[in-house]
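Data first, discussion second: the structure below is written as structure tokens.
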Amino acid sequence: MIAALARALSQLLLPPLRRVVALSLGIAVLTFALLWFGVAVVLGHASFFAWRPLDWLADLLGAVAVLLLTWLLFPTALTAIMSCFVDRVAGAVEAVDYPGRGPPRHQPLTEMAATTLRLMGAALVLNLLALPVYLLAPGINVFLFLALNGYLLGREYFEAVALRRLDVAAAKAMRDQFRWRVFLGGVVIAGLFALPLVNLIAPVIATVFMLHIFEGLPRAGLQIIRR
């Protein structure tokens, strides 16, 4: 796991990845700004009390809520946008580290859209349900954030790289067989998204990191034919 992360970080300077890293930086800043604006508009138009002092207090708490919700939704939104560049990132790394690989499997657009929408919906619902714990349980909230988003992001990034080589059923079987390794990889990815500045290029790091995990899974006893 540590070796896979170290390799992912070192490969950010590969010539084919430099443009994607720069693109990720720009998209990340724009995504964060749009999320912040969208959440601020939604919360800003809500008037909870008829008494002005209480409305002021609600506005203050609303500002905190805007930042928190933006931060929580940011990993999912940025991952969904950057999913369009998975092939470019994975292909560049495969050319260097796994040159024997053939061309990737063609993924139907409906398959890619279904995977992305499922993640976004689950992330939105589960993080909103966990919001009271995030706000009211310091210490526990960190572990909950890493566990919850580790599961979601681990699943998303594993499927993103696995579906390039496997069909949906085979990718799911492989994910289930190595669920704890995928989950721990997701926790690492969630941690990357929690780090300021690092989170701006986290999708690129996460894709390369999970690709190395996928390629490093043991073959013994695996009832899956990989393409």
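Values for this structure:
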quantity: Options LEU184, LEU153, LEU135, LEU192; residue that is in contact (Cβ under 8 Å) with a residue 40 or more places away in the chain and surrounded by 16 or more Cβ atoms within 10 Å (Cβ to Cβ); calculated: LEU153
quantity: Leading residue by the ranking (surrounded by the fewest Cβ atoms within 10 Å (Cβ to Cβ)) among those in the range 156-169 that are modelled with pLDDT under 90 and part of a helix (DSSP H, G or I); calculated: ALA169
quantity: Filter result (more than 17 Å from the chain's Cα centre (by Cα), at pLDDT below 90 and not aliphatic (A, V, I, L, M)) within the range 19-42; calculated: TRP36, PHE37, GLY38
quantity: Index of the failed condition, ALA173 passing every other in (1) buried (at least 20 other Cβ atoms within 10 Å of the Cβ); (2) assigned to a helix (DSSP H, G or I); calculated: (1)
quantity: Where a residue in the range 113-130 is touching a residue at least 60 places away in the same chain (Cβ under 8 Å) and under 11 Å from THR76 (Cβ atoms) and its partner, wherever it lies, is assigned to a loop (DSSP other than H, G, I, E, B) and of a type outside the set (Lys, Arg), with Cβ under 6 Å and at least six apart; calculated: none
quantity: Given (1) exposed (fewer than 14 other Cβ atoms within 10 Å of the Cβ); (2) in a loop (DSSP other than H, G, I, E, B); (3) not polar (S, T, N, Q), index of the condition GLY121 fails; calculated: (2)
quantity: Residues located in the range 88-117, provided they are surrounded by fewer than 16 Cβ atoms within 10 Å (Cβ to Cβ), modelled with pLDDT of 80 or more and acidic (Asp, Glu); calculated: ASP97
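The values are calculated or read from the model by the stated rules, or taken from the named source; none is laboratory data. Here the structure is a predicted model, which means the values were calculated and not measured. Positions of Cβ are generated from backbone atoms using ideal geometry, with glycine treated the same way; all protein chains shown enter the neighbour counts.
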